[in-house]
1. Just to be sure, is L350 in a helix (DSSP H, G or I), farther than 30 Å from V213 by Cα and under 31 Å from the mean Cα position of the chain (by Cα)?
2. Mind counting the residues in the stretch 233-271 that are β-branched (V, I, T) and either over 30 Å from N312 (Cα atoms) or under 12 Å from the mean Cα position of the chain (by Cα) (or both)?
3. Every residue in the stretch 199-243 that is surrounded by 20 or more Cβ atoms within 10 Å (Cβ to Cβ) and free of Cβ contacts under 8 Å to residues at least 12 places away in the same chain, please.
4. Please indicate, with yes or no, whether at least one residue in the stretch 74-83 is surrounded by 18 or more Cβ atoms within 10 Å (Cβ to Cβ), in a strand (DSSP E or B) and either at pLDDT below 90 or within 45 Å of the chain's Cα centre (by Cα) (or both).
5. Please verify whether the stretch 101-110 includes one or more residues that are out of contact with any Cys (no Cβ under 6 Å at 6 or more places or on another chain), surrounded by 16 or more Cβ atoms within 10 Å (Cβ to Cβ) and closer than 18 Å to E159 by Cβ.
6. How about the stretch 60-106: which of its residues are closer than 30 Å to R227 by Cα and without any contact (Cβ under 8 Å) to a residue 24 or more places away in the chain?
7. Touching a helix residue (DSSP H, G or I) at 6+ places or on another chain (Cβ under 7 Å), crowded, with 19+ Cβ neighbours inside 10 Å and on the phi < 0 side of the Ramachandran plot: which single residue out of V160, V178, V194 fits that description?
8. Would you check if there is a residue in the stretch 225-237 being of a type in the set (G, A, S), at pLDDT below 95 and farther than 20 Å from H195 by Cα?
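The values are calculated or read from the model by the stated rules, or taken from the named source; none is laboratory data. Values in this document were obtained by computation on a predicted structure and should not be read as measured data. Heads up, the Cβs are rebuilt from the backbone with ideal geometry, glycines too, and the neighbour counts pull from every protein chain shown.
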Amino acid sequence: MRNLPGRVGPARPLSLSSPVREIDPRVASRRTGLEEKGPPAWQVLAEGLGIRTVRDLLHHYPRAYIDRSQVTPIRSLRIGQRATVIGRVTEVKVRESLPRRGRRPMPIVTVRLSDRTGYLELTFFNQPWAARTYRAGMELAASGVVGRYGRMLQLRNQEVEILRGEADAVHTTRITPVHPATEGVTTRTLRELVHRALARIPEIPDPLPPEVVEAEGLLPLDLALRRIHFPGSPEELAPALERLKFDELFTLELGVAFRKHRVEAAAVGVAHDPDGPLTRRLLQALPFDLTGAQRRAMAEVSEAMARPRPMNVLLQGDVGAGKTVVALHACLVAIQSGHQAAVMAPTEVLAGQHFRSMTALLGPVGARPFLEVAADPAPAPAQPSLLGGPGRRRPTRTPRAHVRAAHGGGDRAGSPPDPGRDRRGGGGPGGRDPRAGPGGRGLRRPLARGDRRAAPVRRPPADGAEGQGWLPGRADHDRHADPPDARPHLLR
């Protein structure tokens, strides 16, 4: 835990809303660019990364980590090894490179370190500030790739830090974070700002209730943020990541829940009666016993369709799990309540498969008549009919023509409408087929995305009625007028 930044430093404590430039004015005002005349770091962070406050900075997570926690004696170094060493400065030299045509000589600063097991040199090219910063007797920590120049070991691409105390190490002797940077601000500057912010801020408030944190086995937010930036060991990273990922998903789900609540509160739906003759006969006539999962799914879908709010339910299950019979049960709930239902599939082949399976399931249901208003003289057993695309064989009167006829729209273009036919019609892609006529859609069930084909359901006529219709409701449907903008229930 020695690498965990302290909670409150000697300066005035910060808050999450404090500006970045108040963390450490010296670090936040660093300039880069030609002769270090660029904008200050805090301005670059605000414009380039949108980091303006301490909260923004602490939620700017590292993209990688470099383990510099293991210190290696100089005599144990190997060429090409990435290592961290700690030593005392014994000598600082400044020289100039050889002049080249059109270029001025470049200052080269060489700092020699010793740790009582050997010597190591740090070389700074065109960085004259190093001669003013590092003095003989200072204790330095340096991390980099071990190389050799002549007979002397060197560290290349080194990260150097002056050690004044064990807790002062930010860039070395620890697991070092690498934060995403932008032009004008280095990862080193970002690392220092994060370290100083964590040292000056009190305990970070946790938006989650303590009982939720405890029940989910999560870290407190304060500890998770400190460990995600400066983990004391690799094992501390996983719990910190888990807490921060939980927060992101929790926020997302909470936003979706609020949005769903607002939509449901404002939208107008259709309330159905789940308990009716069609659904009862379907359950009695099924040639197999329903599983417990199927019964639960039917109950949940029926309960949702009984509410006066639009249903939007995803029915999920493996192939052969029995989703079709659950969808058919939902269709019959809509139909027995005086509305329509459409089952949609992405291809005509799949629509045909559902057409055949529904025909088999609805055959026994059509053994007895149900209430219907239609004018065709010949009653027919309950069965689905297919509204599809092009096919090899076409009946002389297509299902869509039957639907138009049921609306009083005539069998084909130019034929006179029949005022004695019912106004309700079938469905198609998107839940309503304009070529099939108007209707009150009570349920849509798209089976998958794509070019959807509808397989609507029709019923036999009632006693004393003539003919058949497509997806009709009860004869007294007009006495239960629904709002004109009512949305259908959706089962996916």
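1. yes
2. Total meeting the criteria: 2.
3. Result: E236, single match.
4. yes
5. Yes, some residue in the stretch 101-110 is out of contact with any Cys (no Cβ under 6 Å at 6 or more places or on another chain), surrounded by 16 or more Cβ atoms within 10 Å (Cβ to Cβ) and closer than 18 Å to E159 by Cβ.
6. Hits for the stretch 60-106 are Q70, T72.
7. V194
8. Within the stretch 225-237, not a single residue is of a type in the set (G, A, S), at pLDDT below 95 and farther than 20 Å from H195 by Cα.
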